Amino acid sequence: MDTNKNRNDPPKAKPPFYQAFLAACFFGLLWGGWAYWANRSHGTPAATKAFVTQFSFSFIATFFFALIVEHLYLSHTSWSGKILFSGILPVSFMIALLSAVHYFRGTPNILVTVTPSSTIAALYCVQKIGRGYLAVRRNAVTV
């Protein structure tokens, strides 16, 4: 036991890539499973192909999307810039890219496959921008 450790010291945070990796695995399996379910009526090969496509994309997107949105959010000082560059553009790009990947991979139900993960990504951006806005408002009131 480390006797030099103070009980009031906050617990050590996990490295950002560790947390991103766990989140990427979770969302990869979640949205990959959804893609399988959404395409199961077209047979196991089509559903499996949709699963692999969605898992791969979700894993990569989850891992990098939050990091990119955070960077874009911090890079802009105006609220219109934050909304456009850390909300509308990243989500629009992700939807277009994910739809194109599924189209070229032959996923039968593209809209049903991409809508849930795209909605969660959009909600993440809304939450990020909203929390930042509320924090600024809270600080402005207390100052």
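In nm, what is the difference between 0.36 nm times the number of residues separating SER75 and ALA140 and their Cα-Cα distance?
That pair, SER75 and ALA140, stretches by 21.4 nm at full extension.
Give me the net charge for the shell around ALA135: Cβ to Cβ below 15 angstrom, other residues only, Lys and Arg +1, Asp and Glu -1.
Taking every other residue near ALA135 into account, the sum is +4.
What value in Å³ per residue do you get for the convex hull of the alpha-carbon atoms in the range 58-143?
That works out to 86 Å³ per residue.
Highest mean first, how do 121-127, 35-41 rank when packing is the count of other Cβ atoms within 10 Å averaged over residues?
Peptide ranking by packing, descending: 35-41, 121-127.
Any read-out appearing in this document is the output of simple, stated calculations on the displayed coordinates, not a laboratory observation. In this text, all values refer to a predicted model and were calculated from it rather than measured experimentally. All Cβ positions, even for glycine, are placed from backbone atoms using ideal geometry, and neighbour counts span all protein chains on display.
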